[in-house]
Structure formats: structure tokens, C-alpha cells
Amino acid sequence: MAAMAPFNGIAKGGSRTVLITGVSKGLGRALALEMAKRGHTVIGCSRTQEQLNSLQSEFPNLDNHLFLSVDVKSNSSVEELARVVAEKNGVPDIVGI
């Protein structure tokens with residue numbers, strides 16, 4: 001078996017598209033803000049539109065990011081998320097659930 005290179009996180013200077021569920025609070029919110037700060041495109045979803053609106057106010061350039069109200073327990077909601085993301089951003093490089 002070939003040896004694998006160690007994972008050193010997301011390469012600096014290499015912008016990625018990151019899909020994060022639960023971005024309205026806690027770890028998801030912190031991760032979304034940090035990824036945006038590092039120059040990555042954030043696609044974030046949460047069940048609560050009000051909390052998404054609050055998060056969006058913390059992003060300096062919303063044109064680079066996408067925030068959607070999604071219930072990950074609902075197949076139709078997740079299918080709609082997949083359709084919108086594929087249409088607007090293509091396939092994310094990283095998915096954080």
C-alpha cells in the first residue's frame with residue numbers, strides 16, 4: 001500500500017467551496033466564519049432563517065457565499081439544497097455536517 005501524505009488542513013492560497021450544515025449557531029457558525037475569513041466560499045444552511053440573516057450580517061462580501069434555509073431531516077429539502085448548490089456553485093470541495 002502506498003504511503004499517504006499527512007493532512008495539513010486546507011491549503012493556504014487555495015480557495016475551496018465549503019458546505020456547512022447548522023451554520024446558525026455553535027460550531028457550524030464558528031466554522032463558517034473561519035472558512036470565510038480564510039478566503040473560502042461558504043455554502044451554509046440552517047432551519048432558522050432569522051439566525052441565517054444574523055450570520056449573513058457578519059460576512060463582509062455576501063456575493064461569494066450562499067445561505068439557505070434547509071431542514072436536513074427532510075429529503076425534499078436536502079434535494080432542493082443539492083439542486084441549488086449544483087446550479088450555483090457546482091460540487092463543494094468540503095462538506096461539514
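Quick look at the numbers
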{"quantity": "Val42 vs. criteria closer than 21 Å to Arg83 by Cβ and in contact with a His (Cβ under 6 Å, 6 or more places away or on another chain)", "calculated": "yes"}
{"quantity": "Complete set of residues in segment 57-70 that are surrounded by fewer than 14 Cβ atoms within 10 Å (Cβ to Cβ) and either touching a helix residue (DSSP H, G or I) at 6+ places or on another chain (Cβ under 9 Å) or of a type in the set (A, V, I, L, M) (or both)", "calculated": "Glu58, Pro60, Asn61, Leu62"}
{"quantity": "Residues (of a type in the set (A, V, I, L, M) and over 17 Å from Val78 (Cβ atoms)) located in segment 19-60", "calculated": "Leu27, Ala30, Leu31, Ala32, Leu33, Met35, Ala36, Val42, Leu55"}
{"quantity": "Elements of type strands (runs of 3 or more DSSP E) contained in segment 30-97, each with 3 or more residues being in contact (Cβ under 8 Å) with a residue 60 or more places away in the chain and within 15 Å of Thr17 (Cα to Cα)", "calculated": "94-96"}
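We did not get these values from a lab; they are worked out from the coordinates using the rules stated. Remember, it's a predicted structure, so these values are computed and weren't measured experimentally. Backbone-built Cβ (ideal geometry, glycine too); neighbour counts: all protein chains shown.
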